[in-house]
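Quick notes on the structure that follows.
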Amino acid sequence: MKILAIETSCDETAVAVIEATGDSKSAEFNVLGNALLSQIELHREYGGVYPSLAKREHAKNLTPITRAALTEAEMIVSNRVDLNDEVKAKITELLHREPEMTSAFLEFVQEVEVPNIDAIAITHGPGLAPALWVGVNFAQALALAWDKPLVPVNHMEGHIVSSLLKENKIENVKLPLLALLISGGHTELVLMKDWLSYELIGQTRDDAVGEAFDKVARMMDLPYPGGPEISKLAEKAREEGLEEVFNLPRPMLDSKDCDFSFAGLKTSVLYALKELPNLNGEDKKNIAHAFENAAADVLKAKTLKAIEEHGVQSLVLGGGVSANHHIRRVFEETISEKHPEVDLYLPEPKLTTDNAIMIGVAGYFRALRKEFATEIKADGNLKVH
């Protein structure tokens with residue numbers, strides 16, 4: 001099965017073409033084409049993602065990015081194809097809020113033959129609503145123009161299943177599976193007892209861990225995105241053998257549930273910074289070191305609690321913060337020492353940030369179940385039981 005996948009949940013416009021075979025017990029994936037355009041530089045001056053700007057950039061870039069992915073997949077065949085008036089009218093209505101995208105879209109789909117794909121997968125959430133809607137409407141327009149089934153994909157499910165990839169294969173995944181999803185918008189523990197059936201067993205009560213990383217970085221006037229900058233400073237502190245000089249709290253570490261809280265940790269950093277009016281490079285390394293250690297300790301403790309309570313056989317890390325070197329190291333060492341019977345899945349670095357490959361992988365498994373849609377709502381709720 002060949003799937004065209006589209007991701008526009010935040011500030012990356014991404015389109016991929018994947019070819020997949022197999023089923024949930026053993027599946028193999030081949031990336032035929034992959035194109036991604038990041039908006040980081042555009043949002044840097046705002047210190048975070050500006051939704052209306054993200055929406056505008058998606059609208060401008062979706063058609064050329066789709067062309068680029070299909071070109072890499074060698075699926076572009078130039079040939080005039082006239083759409084009938086009814087289909088044109090429906091597409092124009094779908095894209096009416098983006099007139100420039102409408103004209104570029106119609107020009108594109110009428111100058112190339114329908115590509116050799118079996119379905120179109122699209123992120124329907126969670127994410128920034130304006131950004132999601134541009135992608136959803138674009139995908140619905142493609143499905144109309146090319147008469148292809150449409151597969152709505154949950155962004156977080158994309159992170160889960162793509163993290164299971166090992167050498168382009170997903171096979172012999174032991175259940176129950178626990179996913180720790182950590183990003184700028186999410187900190188969740190999701191249990192999967194049956195394939196693609198989820199139970200939310202823990203979540204943040206305030207800030208997501210990635211959000212806390214970024215806010216602490218802003219407090220120290222570090223460049224956006226701040227999470228990687230914190231990580232770099234913390235790694236330098238470890239390399240230089242600096243002792244942890246700031247005693248930061250581990251919020252909710254001993255609570256009886258698997259929920260998280262990072263607001264108090266962030267506030268503790270703020271108080272520590274107020275005691276350092278002449279913040280220097282050494283101070284920044286020490287703060288970053290202490291903060292990253294505290295965050296990792298909380299993630300580790302809550303995950304271990306969930307593993308032990310639910311008899312977990314596989315642990316998956318997913319989301320942008322799963323690229324953090326220290327957090328990956330902590331989980332590799334901890335699982336090896338405390339739960340060697342648990343299979344640990346860490347995503348490839350290129351799959352930690354938002355991308356269309358993960359949407360294609362999740363979309364494939366949903367397409368196998370024929371979970372197609374003629375109309376999609378950009379709500380983004382992960383179906384849990």
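The values are calculated or read from the model by the stated rules, or taken from the named source; none is laboratory data. The structure displayed is predicted, hence computed values, not measured ones. Ideal geometry is used to build each Cβ from the backbone, glycine not excepted, and the neighbour counts take in all protein chains shown.
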Residue in region 244-269 that is modelled with the lowest pLDDT, counting only those that are assigned to a loop (DSSP other than H, G, I, E, B), among the hydrophobic types (A, V, I, L, M, F, W, C) and touching a helix residue (DSSP H, G or I) at 6+ places or on another chain (Cβ under 6 Å): VAL245
Those residues of region 87-109 which are of a type in the set (A, V, I, L, M) and in a helix (DSSP H, G or I), in sequence order: VAL87, ALA89, ILE91, LEU94, MET101, ALA104, LEU106, VAL109
Spans of strands (runs of 3 or more DSSP E) in region 130-195 with at least 2 residues closer than 15 Å to GLU375 by Cα: 150-154
Residue in region 230-243 that is closer than 30 Å to LEU164 by Cβ, in a loop (DSSP other than H, G, I, E, B) and at pLDDT below 95 present: no
Pair list, Cβ < 9 Å and 6+ apart or interchain, from region 232-248 residues that are not assigned by TED's automatic domain parsing to the domain that holds LEU222 to residues that are part of a loop (DSSP other than H, G, I, E, B) and of a type outside the set (Phe, Trp, Tyr): none
Subset of region 156-178 [buried (at least 22 other Cβ atoms within 10 Å of the Cβ) and out of contact with any His (no Cβ under 8 Å at 6 or more places or on another chain)]: GLU157, GLY158, HIS159, ILE160, VAL161, SER162, SER163, ILE170, LEU177
Unique residue being in a strand (DSSP E or B), in contact (Cβ under 8 Å) with a residue 24 or more places away in the chain, surrounded by 20 or more Cβ atoms within 10 Å (Cβ to Cβ) and in the same structural domain as GLY127 (by TED's automatic domain parsing) when the list is ILE65, ILE18: ILE18
Scan of region 110-129 for residues that are under 30 Å from GLY185 (Cα atoms), among the hydrophobic types (A, V, I, L, M, F, W, C) and part of a loop (DSSP other than H, G, I, E, B), ordered by number: LEU128
Among the candidates PRO130, PRO115, PRO149, PRO126, residue that is in the same structural domain as LEU53 (by TED's automatic domain parsing), under 18 Å from the mean Cα position of the chain (by Cα) and farther than 18 Å from LEU351 by Cα: PRO130
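Residue-by-condition table, conditions (1) over 20 Å from the mean Cα position of the chain (by Cα); (2) polar (S, T, N, Q); (3) part of a strand (DSSP E or B):
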| site | (1), (2), (3) |
| --- | --- |
| ILE287 | yes, no, no |
| ALA296 | no, no, no |
| LYS300 | yes, no, no |
| THR303 | no, yes, no |
| GLU308 | yes, no, no |
| VAL316 | no, no, yes |
| VAL330 | yes, no, no |
Filter result (outside any strand (DSSP E or B) and under 14 Å from ARG366 (Cβ atoms)) within region 21-32: ASP23, SER24
Any hit, region 302-319, residues being under 30 Å from TRP133 (Cβ atoms), touching a Phe, Trp or Tyr at 6+ places or on another chain (Cβ under 8 Å) and buried (at least 19 other Cβ atoms within 10 Å of the Cβ): yes
Selection count where residues are in contact (Cβ under 8 Å) with a residue 40 or more places away in the chain and charged (D, E, K, R), scope region 289-308: 4
